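Remarks on the structure that follows.
Every number in this text was worked out from the coordinates using simple rules, so none of it is lab data. What you are looking at is a predicted structure, and each value in this text was computed from that prediction instead of being measured. Quick reminder, even Gly has a Cβ in these numbers, built from the backbone with ideal geometry, and neighbours come from all protein chains shown.
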Amino acid sequence: MNNQILLIFDLDFTLIDNSEGIINSFNYSLTSHGHQKLSPTEIIPMIGIPLEKMFSKYVKNDVNIYVKSFREYYSQKGIRELKLLPGTKEKISELKKLNYNLAILTSKKEELARILIKNLQLDEYFNIVLGSTNERKMKNSPLLKTILADKFKNIKKYVVIGDHRSDGEVSEMLKCPFIGLLTGKSTKDDLMTSTPMKKVVLNDIRELNSKIILDLF
């Protein structure tokens, strides 16, 4: 039964806290192009949305220039300015031993996400890591359905797990259940209203178990 289910995890504030790396990368980009730094309290609520949207709130010219500078810093330094959220590795290992298929879906550049997961020694647990590419900019890109169907031909049941409304929106697109985690900045109400699909909200990943997952089907 479990091997017929794919658990699709968000990354930022679902599995990791990389707020330090994102804050430093964002401010590096702003100051590199003549802007003032922002405070952490201004940046943290935006974490989880695409970089283009983050920068468009503060700059009027080509946001791609700022995104490029952000990624320059992040790929060199920011990618190491992070930590696993409590209980993450233990829970991921437990779910893998229970024969669940595991995936990561993030708005980060896919190549950076793969490096990050490898640095954290989590790569052995995940069947696939999906991030932003030239063809697939958004987490809820319609291409996601095709990619998952091709990669997991015999799996028909998905569960999206994340801390942000955008993760609930992915579950709506995939027509699958959603498990919200209160480890980011979203409230329980934010997560419960993010998708019309069956859902449950937990405090953090440590509360996740097979009963909760299977009860969603």
_Dipole magnitude (debye, nearest 20) for segment 1-159, charges at Cβ of Lys, Arg, Asp, Glu_ = 360
*Give me the distance in nm between label points sitting 7 Å out from Cα along the Cα-to-Cβ direction at L98 and N119, one decimal.*
3.0
*In a shell of Cβ-Cβ distance under 13 Å around G184, excluding G184 itself, what net charge do Lys and Arg (+1) and Asp and Glu (-1) give?*
-4
*Bin by bin, in steps of 10 Å, what percent of the Cα pairs in segment 1-130 do you find, going until the bin that has the longest distance?*
12, 42, 28, 14, 4, 0
*Evaluate the relative contact order of the chain (contact order divided by residue number), counting alpha-carbon pairs under 8 angstrom at least 6 apart; express in whole percent.*
25
*Give the total of Lys-Lys pairs in segment 140-217 with Cα-Cα distances below 17 Å; include a pair only if its members are 8 or more places apart or on different chains.*
17
*Bins of 10 Å, starting at 0 and running to the largest distance - Cα pair percent for segment 114-217*: 14, 40, 40, 5
_Give me the base-10 log of I(q)/I(0) for the chain at each q in 0.08 Å⁻¹, Debye formula, one uniform scatterer per Cα, rounded to two decimals._
-0.27
*Would you list, by chain and number, the lysines whose Cα falls below 18 Å from the Cα of K89, excluding same-chain residues fewer than 8 positions away?*
K97, K118
*Provide the gained length on full extension for the span N209 to I128, in nm with one decimal, where the gain is 0.36 nm per separating residue minus the Cα-Cα distance.*
27.1 nm
*asked:* Suppose R0 equals 35 Å. What FRET efficiency, 1/(1 + (r/R0)^6) with r the Cβ-Cβ distance, do T193 and D62 give to the nearest 0.05?
replied: 0.55
*Is segment 19-80 best put as rounded, prolate or oblate by its Cα gyration tensor, with a ≥ b ≥ c the root eigenvalues, rounded for a/c under 1.5, and otherwise prolate when a/b is larger than b/c, oblate when not?*
rounded
*Can you give the translational diffusion coefficient of segment 70-142 in µm²/s, computed by Stokes-Einstein from the Kirkwood radius over Cα pairs at 10 °C and 1.306 mPa s?*
120
